[in-house]
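Only one structure is covered here, and it is reproduced in the block below.
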Amino acid sequence: MFRKEIQQKELPLPMAEFRLRALAWADRHPLTAYYTSNDIPYPHQGFAHLLAVSGGKVLQLQEENAYESLRRQLQQHPLLCGYLGYDLKNQTEHLSSRNYDNLGFPLLTFFVPEVYLYFNAASITIYTYADNAELILASILATAPPAPAPPQGIRLQQRVSREKYIQQVERVRQHILEGNVYELNYCMEFFAEGVTLQPLPLYLALNEASPTPFSGYLKLHDKYLLCASPERFLKKEGQKLISQPIKGTIRRGLTPEEDQLLQQQLRHDEKELAENMMIVDLVRNDLSRSCATGTVQVEEMFGIYGFRQMSQMISTVVGELRPDKELVDALIGAFPMGSMTGAPKISAMQLIEELEDTRRGLYSGAFGYIKPNGDCDFNVVIRSIQYNAGNGYLSFMVGSAITYDSDPEREYEECLLKAQAMIKVLGDNFE
């Protein structure tokens, strides 16, 4: 692998413009993955600032035996970029997925970059299998930078009406009353059909409207993920595992004083605290499947963090991977993220399949990268637009955690708050 480091002072243009040109250059390739933290301070940091491309094929992973197939590939490749779809749950538990899916993302996808770039504060490092870093640099500099641009003429539809949403929340509350679950994350889809758009400018518009520490862009031939996720699923650093579930949401204030009051309201909201605590217990249990006894700890409980549209309650759970376990074992034990299911996890996932109208697919799965040493970072795919250019189908999903104390109207409004940035960049146009 050839490596070339370029200092900012060696560039004929500002670093921010170079990154935009690099994104436009990368978008010409069949496979592109981009990750950024937007320089947002976050416990254990957000995504590395990484751009990866390939003109080749994705890894040939056996979907029917996905985890073991991935385990074999990890022994051979230096860097992998891709995702785990939510429906991998069916390979760890006796579950199924039969709901409607018009996006058609594969169950999981990873590719080996032919070229990848790390963006640092004062330099760029280019890695390439061919000794052609100077050619790549020249090609990037010759590429016109893209501009953030919302699409025109998209008419969004809502798969679940307000009335049906409220009915389904009441059904969840009844299941809780009967003891089937304690908490369930119920989600609904917004979609548009017959859409033609340029995904990269739309991603830039979304990232501008809603910058987050786990933002990303994925081009998988004619399928695209435009991701503005604030949530980490799993990070591995050496033997250390880090998971950071989000449960608890409130809007931002119009003034610093109002914002502080709202954050204090969230910090002392008994329902939100109970939701967060239940999911922290679930994540602790998930990590304990692959971590050494006594090492799973709650590093931070009920942390309040402000993002552009909302403040969120985030907890941090850590553990030390056992010597006889590796990354795939940690993924099997923890996937999918407990904040996107509910508790108990298996019962919640069974009910999700019964209550929701759309197959989750990549939504509430995990997008990220795996480094040559087996370290990784994966987000939770939320606050994200998915687009299939082949059939013109565009979709995003939002949801909230339902407990017995949930107010259906309030939960519905929380879903709309989470959808706000995506609705805005898509033109605020509903049928």
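The values are calculated or read from the model by the stated rules, or taken from the named source; none is laboratory data. Quantities reported herein were computed from a predicted structural model and do not represent experimental measurements. All Cβ positions, glycine included, derive from the backbone under ideal geometry; neighbour counts span all protein chains shown.
Results, tabulated for the structure shown:
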read-out	value
Inter-residue pairs, beta-carbon under 7 Å, first in contact (Cβ under 8 Å) with a residue 60 or more places away in the chain and of a type in the set (Phe, Trp, Tyr) and in region 153-175, second part of a helix (DSSP H, G or I) and surrounded by 14 or more Cβ atoms within 10 Å (Cβ to Cβ), 6+ apart	Tyr165/Tyr412
Strands (runs of 3 or more DSSP E) contained in region 342-426 and holding at least 3 residues modelled with pLDDT of 95 or more and within 30 Å of Glu270 (Cβ to Cβ)	393-402
In region 209-251, the residues that are in a loop (DSSP other than H, G, I, E, B) and buried (at least 22 other Cβ atoms within 10 Å of the Cβ)	Ser210, Thr212, Pro213, Pro230, Glu231, Pro245
Flag if Tyr100 is surrounded by fewer than 20 Cβ atoms within 10 Å (Cβ to Cβ) and either touching a helix residue (DSSP H, G or I) at 6+ places or on another chain (Cβ under 7 Å) or under 26 Å from Ala48 (Cα atoms) (or both)	no
Filtered residue count, region 376-408, keeping only those that are out of contact with any helix residue (DSSP H, G or I) (no Cβ under 7 Å at 6 or more places or on another chain) and touching a residue at least 40 places away in the same chain (Cβ under 8 Å)	16
Test: residue in region 7-22 that is out of contact with any helix residue (DSSP H, G or I) (no Cβ under 9 Å at 6 or more places or on another chain) and of a type in the set (A, V, I, L, M)	yes
Some residue of region 228-242 being under 25 Å from Arg284 (Cα atoms), in contact (Cβ under 8 Å) with a residue 60 or more places away in the chain and in contact with a Cys (Cβ under 6 Å, 6 or more places away or on another chain)	yes
Which numbered condition Arg71 fails, given (1) buried (at least 18 other Cβ atoms within 10 Å of the Cβ); (2) of a type outside the set (Val, Ile, Thr); (3) closer than 20 Å to Phe233 by Cβ	(1)
Failed item, numbered, when Met349 is tested on (1) among the aliphatic types (A, V, I, L, M); (2) under 19 Å from the mean Cα position of the chain (by Cα); (3) surrounded by fewer than 18 Cβ atoms within 10 Å (Cβ to Cβ)	(3)
Condition broken by Ser54, with the remaining ones in (1) touching a Leu at 6+ places or on another chain (Cβ under 6 Å); (2) free of Cβ contacts under 8 Å to residues at least 12 places away in the same chain satisfied	(2)
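To keep it simple, each residue is scored yes or no on (1) farther than 18 Å from Ala389 by Cα; (2) in contact with a strand residue (DSSP E or B) (Cβ under 7 Å, 6 or more places away or on another chain); (3) not in a strand (DSSP E or B).
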{"residue": "Val160", "(1), (2), (3)": "yes, yes, yes"}
{"residue": "Lys164", "(1), (2), (3)": "yes, no, yes"}
{"residue": "Gln174", "(1), (2), (3)": "yes, no, yes"}
{"residue": "Val181", "(1), (2), (3)": "yes, yes, yes"}
{"residue": "Phe190", "(1), (2), (3)": "no, yes, no"}
{"residue": "Asn207", "(1), (2), (3)": "yes, yes, yes"}
